[in-house]
Amino acid sequence: MTNRTVLVLLDPAGEVRSSILELLTIGRALGRVEAVTLESPSVEALAQLGAHGVETVHQAELPADLRGDARHLSGVVAATLAAAVRRTDADVVLAPSTFAAKEAVALAGQALGAGVVIDAAGVSEDEQGRIVGTKRVFAGSWDTTSVVTTDVALLTVRANTVVPKPADAAVATEVEGFAVSVDAPLPTVTQRVPVVRDAARPTLEEAATVIAGGRGTGGDFGPVEDLADALGAAVGASRDAVFEGWFDRYVGQTGVTVAPRLYIGAGISGAPHHRGGMQASQVIVAVNSDPEAPIFEICDFAVVGDLADVLPQAAEVIRAHKAAR
Amino acid sequence: MRIVVLVKYVPDINADRRFEDCRVVRSPGEGTLNELDENALEAALRIVDSLDDDARAAAEVVALTLAPEQGDLALRKAYQMGVDRGVRVTDDALAGSDYAGTAAALAAAVRRLEADGPVDLVVTGMAALDGLGSVVPALVATELGRPALTFAKKVALADGVLEVVRETDEATETLTAPLPAVLSVADTANTPRMPNFKLIMAARTKTIEAWSLADVGLDAGLVGDAGARTATTHAAPRPAKPEVELVQDKGEGGKALAEFLLRHDLV
């Protein structure tokens, strides 16, 4: 533990999701953790931040024309992060590895002349106290270590990097406003429809267990959802299945990149695109009727069979086990 | 209308991708045009296709890459799809560039192209399949002082105003900006055209202009290892997984699956 100041981006500020709790846990190991928002945090969010040791939330006071939907534009978030770093003399900025946050962090790094690590799978410090990010690259087949050589380090961190833990003692959380001006040319947001989240399921980005369905589902995601319900898992698809219109979000190197504790691929062959988005998962399970499916080369456990038979049977055993607990 | 498409020469994702001395190996024969840049080329060519005859005749689509000589392969593919001009920026000083250095060099090359006339639009793919950072398009936009419309799944241009629809993790958004602007397109934006025989033949002999950092007027200290604010200090292949436990379903496959999960405390 040092006297570093670590800023964690909280956008949106209505709830503190598990990926943010992970960042707060990582941040506390590096120094004192503070949060940065672009809107008022909810009462629930403040309580969670307090439980995780955040004494101060720095809330951007944006120009009037940027207080609406435009506040989520990466140029606005970047200006906020850069201003927050200057105001607090912060040493580290942590944000989740969403496409929007990645852009914002990179742009803030550009404004600050500071080093940026995108998609870190771990954050630590070296013997000289420099911030180090580890990454899993090339579809999770290589591990790399990058050291940030500037005084300020900005990182986006993938979900499921650490198990979130509250601070030893909860603190009272104060919100402090600070003025942010944005001089970068921005696009105009003419419409913004927020994604409605399924309250019954974890999100694909954050879930500890992910089940994805592919071409082998033939368009019927019923068995996939059944097993997901039994396991409390998030559901995703292969890119093929999304292009067929069978599901809305795909796991892949250009879709959602996941690295959960457990990944189950159902009726997914394991094309390079898909592998790039899930191969860093800790345990990989596959169900496919094709014994030659390439996904079998990278999994820990596999069933060659019809997913419409295998998944419901697995779900039933798991439900029975849970009921007996 | 002048459009610059930023393309990247990357190791083929089907090849054995690897590092040597903490650098990505980019050996000839295992590299290819970044697949997602085909969507960028397609978006640019469709914008030109939508112009009226006079405007189309006056339009120019330039494919630009930062790469060693073998990066020509990416530009040849761009020529096969129908671009008008291919430019490669090659300089030993570029080796080791981080996101900021890469963006600075690309922006300098775009400014160099502007010496012959304004560039209305810069188009990129949503990510490069080697680094997958997805941040260079936004950084290039800032370097050029232009708005960034990134991750577009729908692109429309009317009366000099670009409109895109995109899906972020949080929302579906419609963004607009007047040209000049920077656009990145998602892989769902379009289906890239197949090169026709005539263009494939013509691409073999098209000129590729090679520029150095000095040609684009950029200080070598801002790019490569000299300008980098991060350094990769370690790169190693992950240990191989133990042999897969493979079960043939003969009526008990689901049970075996559940038992595997329970045995490994994954339920």
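The values are calculated or read from the model by the stated rules, or taken from the named source; none is laboratory data. Model, not experiment: these values are computed from the prediction. Glycine gets a Cβ as well: all are built from the backbone with ideal geometry, and neighbour counts include every protein chain shown. What goes into the accessible areas is simple: the full protein's heavy atoms, side chains included, and nothing from ligands, DNA or RNA. Shrake-Rupley method; radii C 1.70, N 1.55, O 1.52, S 1.80 Å.
Could you tell me which of the pairs A:K102/A:K135; A:K102/B:K153; A:K102/B:K154; B:K8/B:K153; B:K8/B:K206; B:K153/B:K206 are separated by over 23 angstrom between their Cα atoms in the structure shown? Let's see the in-between values first.
Numbers: A:K102/A:K135 14 Å; A:K102/B:K153 18 Å; A:K102/B:K154 21 Å; B:K8/B:K153 20 Å; B:K8/B:K206 18 Å; B:K153/B:K206 31 Å.
From the list (A:K102/A:K135; A:K102/B:K153; A:K102/B:K154; B:K8/B:K153; B:K8/B:K206; B:K153/B:K206), the Cα-Cα distance tops 23 Å for B:K153/B:K206.
Amide H to amide H under 5 Å from B:R229: which residues, 5+ apart in sequence or cross-chain, H placed 1.01 Å off N in plane?
B:D98
What does the convex hull of the Cα atoms come to per residue for chain A, in Å³? Provide the component values of the computation, followed by the final result.
Working: hull volume 48.0 nm³, N = 325.
Per residue, the Cα convex hull of chain A comes to 148 Å³.
Let me confirm one metric for peptide A:66-74, namely the mean number of other chain beta-carbon atoms within 10 Å of its residues' beta-carbons. Please report the intermediate quantities before stating the final value.
On the way: counts 0, 0, 0, 4, 1, 0, 4, 5, 7.
Going residue by residue through A:66-74 and averaging, the value is 2.
Give the span of the protein assembly as shown's Cα atoms along each principal axis, as three whole-Å numbers ordered largest to smallest.
Rounded to whole Å, the extents work out to 75, 60, 47 Å.
Between region B:156-225 and region A:163-240, what is the C-alpha centre distance in whole Å?
29
How long is the gain from B:R23 to B:M194 if the chain were fully straight, where each residue apart is worth 0.36 nm and the alpha carbon distance is subtracted?
Numbers: separation 171, 0.36 × 171 = 61.56 nm, distance 3.27 nm.
So the extension gain works out to 58.3 nm.
Can you tell me the equivalent ellipsoid semi-axes for region B:2-222? Use √(5λ) from the Cα gyration tensor, largest first, whole Å. Write down the numbers at each step before the final one.
Values: eigenvalues 122, 81, 70 Å².
Working from the Cα gyration tensor, I get semi-axes of 25, 20, 19 Å.
Measure out, as a whole number of angstrom, how far apart the alpha-carbon centroids of region A:32-96 and region B:33-71 sit.
One Cα centre to the other: 39 Å.
Let me know the shape class of region B:211-250, please: from the alpha-carbon gyration tensor, a ≥ b ≥ c as square roots of the eigenvalues, rounded when a/c is under 1.5, otherwise prolate if a/b is greater than b/c, or oblate. Don't skip to the end; give the middle numbers.
On the way: a/c = 7.08, a/b = 3.29, b/c = 2.15.
Since a/c reaches 1.5 and a/b is larger than b/c, the shape of region B:211-250 is classed as prolate.
Leaving out ligands, DNA and RNA, what percent of the accessible area of region B:2-222 is carbon and sulfur, probe 1.4 Å? Could the numbers behind the result be given before it?
On the way: 4390 of 8830 Å².
Taking all protein chains in place, region B:2-222 shows 50 percent carbon and sulfur surface.
Can you give the average number of partner chain beta-carbon atoms within 10 Å of each beta-carbon in peptide A:313-320, as a whole number?
Details: counts 9, 9, 3, 3, 9, 8, 1, 1.
The per-residue average across the peptide is 5.
Please enumerate, by chain and number, the aspartates and glutamates with C-alpha under 16 Å from the C-alpha of B:K250, excluding those fewer than 8 residues away in the same chain.
Result set, ordered by chain and number: A:D290, A:D306, A:D309, B:E259.
In terms of Cα to Cα distance under 18 Å, which lysines are near enough to B:K255, apart from those fewer than 8 places away along the same chain?
Leaving aside lysines fewer than 8 places away in the same chain, those within reach of B:K255 are A:K322.
Taking chain B as the reference, fit the longest principal axis to its C-alpha atoms, fit the long axis of helix B:99-113 to the helix C-alpha atoms, and give the angle between the two in degrees, 0 to 90, nearest 10.
30
Suppose every Lys and Arg Cβ carries +1 and every Asp and Glu Cβ carries -1, with no other charges. What dipole size does region B:205-267 come out with about its Cα centre, to the nearest 20 debye?
On the way: 7 positive and 10 negative charges, 26 e Å.
Here the size comes out at about 120 debye.
Quick one: which residues, 5 or more positions from B:L183 or on another chain, have an amide H under 5 Å from its amide H? H modelled 1.01 Å from N in the peptide plane, none for Pro or chain starts.
For B:L183, whose amide H was placed from the backbone, the distant partners under 5 Å are B:V122, B:V123, B:T124, B:L149.
With the other protein chains left in place, how much accessible area per residue, in square angstrom, belongs to chain A at a 1.4 angstrom probe? Let's see the in-between values first.
Details: 12310 Å² over 325 residues.
Counting only protein heavy atoms, the per-residue value for chain A is 38 Å².
Nearest 100 Å², what total accessible surface is buried between chain A and chain B (probe 1.4 Å)? Spell out each step's value before the answer.
Numbers: alone 15660 and 15140 Å², together 23910 Å².
Summed over both sides, the interface buries about 6900 Å².
Within the P(r) computed for region A:5-179, what percentage of the Cα pairs occupies the region above 30 Å? Kindly include the intermediate steps, with their values, before the conclusion.
On the way: 1657 of 15225 pairs.
Within region A:5-179, distances greater than 30 Å cover 11 percent of Cα pairs.
I need to check one value: relative contact order of region A:149-249, counting alpha carbon pairs closer than 8 Å and at least 6 residues apart, in percent. Mind dumping the intermediate values first?
Working: 75 pairs, mean separation 22.7, N = 101.
Computed over region A:149-249, the figure is 22 percent.
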